[in-house]
Each structure stands twice: as structure tokens, then as C-alpha cells.
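Worksheet: the structure to be examined is printed underneath.
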Amino acid sequence: MLFWVVVATELLAFGVFFGFVAHVRASEPEVFEAGRALVNAHEGLVLAAVLLTSGWFVAEAVHACRRDQLRLARVHYTLALIAGGIFVGLKLHGYAALGPNARLGVSTYWDVFLLGTGFHFIHVLLGLAMLGRTAWRIGRRPFEDAEGAIAGTALFWHMCDLAWFFLFPLLYVA
Amino acid sequence: MRLLVFAVCLTLVALSVHVGDLHLALALAGVKATLVGLELMEVRRAAWLHVALFVGFVLVLTGALTLVA
């Protein structure tokens, strides 16, 4: 239940930010388009696919845990972690490739791009830490509330997925 | 079912770039969010009020973003 409250709060916060991005996009179309033309939509597509794949592995891990297939669950969690790590690597590479003009205060596009993807990136790092901790504990140290810990971690990770679903078209698609 | 949702969402992600239309991409994001929420986050197994709240939130968010953007 606590995880649902956290996830709902985060989704609301992301939702408000998405509304702000949509408003900026509509009110400053030229500025927004000039910035957007410098980012690669296919990079956003690959990032979405990688995050979605990671989310699917996590969902499979939760079901493996429920069937008491702890080894399989750990394999799925590890694969989810690898996919999450690929997301982090690609995002860092994407930031590095943006060039010197892509920084806060240069244009409204870069403000919302860096704040939005940065806020999401922090959530991904947090989610990866939670996934890693849960994966390590499965089969090694018993959870006080196994269902809550395992499904809760998965919920948080899926929330990162949902946020990227909306962030991606708003920031990358023409 | 989880694999089907994953495959459908992956297809929709690719479609949103290739179509290149923001409003359609946002609508597809709403579909993906609903599918992932109901199946992978298991919202469909929750009480009907929670299901309605989740689907309602995604619909309102998608609608608002499509109108504003």
C-alpha cells in the first residue's frame, strides 16, 4: 500500500510537469522545435524499448517469486538490472553528445529537457538501487513482507516506465 | 498475456516515432500506460475503484496533454 501511495504521488508530480512541458511546447513552438531538432528521436525510442524490456523482466520476476521459483526470479531481476544499466549508459552517452549549448538557461527547450530527463534519471537510479537490493536478498535473506517488497520494487520500476512513455513524445517527437 | 502486452507496447513505441505526430504519439503513450498499468503493474487485480482511478488518471492526463500541446 505504501508503494502505491509513493507511486501515485510520483505520477501526479510527473503529470504536472508533463502539463508544463506541453504548455511550453505550445507557447514557444519555434524555440522548442529548434532544440528538439538537435535530439535524436531514435535515441528516445531505444531508451523507451530498453526500459520497457526491463519492466517486463521485473514483472516476470514478481510472478516467479510468487511461484517460489527464486532462482528464476533472480535471473529475471538480474536481466532487468542489466537493461536498466543499459538505459543509464545510453542516457549518459546521450547527455555527453548534446554539445555545449545544451544547458540550463540557454533556451526553454533545454530547461525542460534537462529538468525532465534529469528528474526521470534520478528515479531510474533509485529504482535500480531498489532492484539490486531486492535481487540480492531473494533467496538469501528473508523479507518481512516478501510480496510488499518484491511487488513494491516492481511498481516503482514500472512507474519509471510510465513516466518515460509521456516524456518521450513530449521531448523527442516532432 | 504479459508477453503480449510487452510486444504490443514495443510496437506502439516504434510506431510513435515513425508516425512523427505528437498528438498521436501522446495517445499511444496513454494506451501503453494503460496496458502496462493494468497488466504489468497488476492494477486490473485491484478493487474496481482503484482500476477506475488509474484508468481515469491516464485518460485525463493523455487528454489534457493532447489538448495543451
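The values are calculated or read from the model by the stated rules, or taken from the named source; none is laboratory data. Computed from a prediction, not measured in an experiment: that's the story for all the values here. No Cβ is skipped: glycine too gets one built from the backbone with ideal geometry, and neighbour counts run over all protein chains shown.
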**Asked** Among (1) buried (at least 16 other Cβ atoms within 10 Å of the Cβ); (2) within 30 Å of A:Ala37 (Cβ to Cβ); (3) modelled with pLDDT of 95 or more, where does A:Leu128 come up short?
**Response** (2)
**Item:** Selection count, the stretch A:97-131, where residues are under 21 Å from A:Phe20 (Cα atoms) and part of a helix (DSSP H, G or I)
**Value:** 16
**Verdict on B:His18 being at pLDDT below 90, outside any loop (DSSP other than H, G, I, E, B) and not hydrophobic (A, V, I, L, M, F, W, C)** = yes
**Fill in**
A:Val50 vs (1) under 16 Å from A:His123 (Cβ atoms); (2) away from every other protein chain (no Cβ under 12 Å); (3) not hydroxyl-bearing (Ser, Thr, Tyr): all pass except (2)
**Asked** Looking at this structure, is A:Gly116 within 30 Å of A:Arg36 (Cα to Cα) and small (Gly, Ala, Ser)?
**Response** yes
**Filter pass, A:Gly94 being part of a helix (DSSP H, G or I) and within 14 Å of chain B (Cβ to nearest Cβ)** = no
**Asked** Does any residue of the stretch A:24-33 turn out to be touching a Cys at 6+ places or on another chain (Cβ under 8 Å) and on the phi < 0 side of the Ramachandran plot?
**Response** no
**Request:** Consider only pairs whose beta carbons are under 9 Å apart and that are at least six residues apart or on different chains; among these, list those whose first residue lies in the stretch B:1-12 and is at the interface with chain A (Cβ under 8 Å from one of its Cβ atoms) and surrounded by fewer than 12 Cβ atoms within 10 Å (Cβ to Cβ) and whose second residue is at pLDDT 90 or above and in a helix (DSSP H, G or I).
**Result:** B:Leu3/A:Trp56; B:Leu3/A:Glu60
**Request:** Look at the stretch B:45-69 and say how many of its residues are more than 9 Å from every other protein chain (Cβ to nearest Cβ), in a helix (DSSP H, G or I) and either at positive phi or surrounded by fewer than 13 Cβ atoms within 10 Å (Cβ to Cβ) (or both).
**Result:** 5
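Please find, within the stretch A:118-159, the residue that is farthest from the chain's Cα centre (by Cα) out of those that are closer than 21 Å to B:Ala64 by Cβ and more than 9 Å from every other protein chain (Cβ to nearest Cβ).
Quick first cut of the stretch A:118-159, residues closer than 21 Å to B:Ala64 by Cβ only: A:119-120, A:159.
Next cut, more than 9 Å from every other protein chain (Cβ to nearest Cβ) only: A:119-120.
Working: A:Phe119: 9, A:His120: 6 Å.
Per the stated criteria, the residue is A:Phe119.
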**Asked** So which residues in the stretch A:140-168 are among the aromatic types (Phe, Trp, Tyr) and in a helix (DSSP H, G or I), if there are any at all?
**Response** A:Phe156, A:Trp157, A:Trp164, A:Phe165, A:Phe166, A:Phe168
**Message:** Please determine whether any residue of the stretch A:24-42 is facing chain B (nearest Cβ under 8 Å), over 30 Å from A:Tyr77 (Cα atoms) and not small (Gly, Ala, Ser).
**Reply:** yes
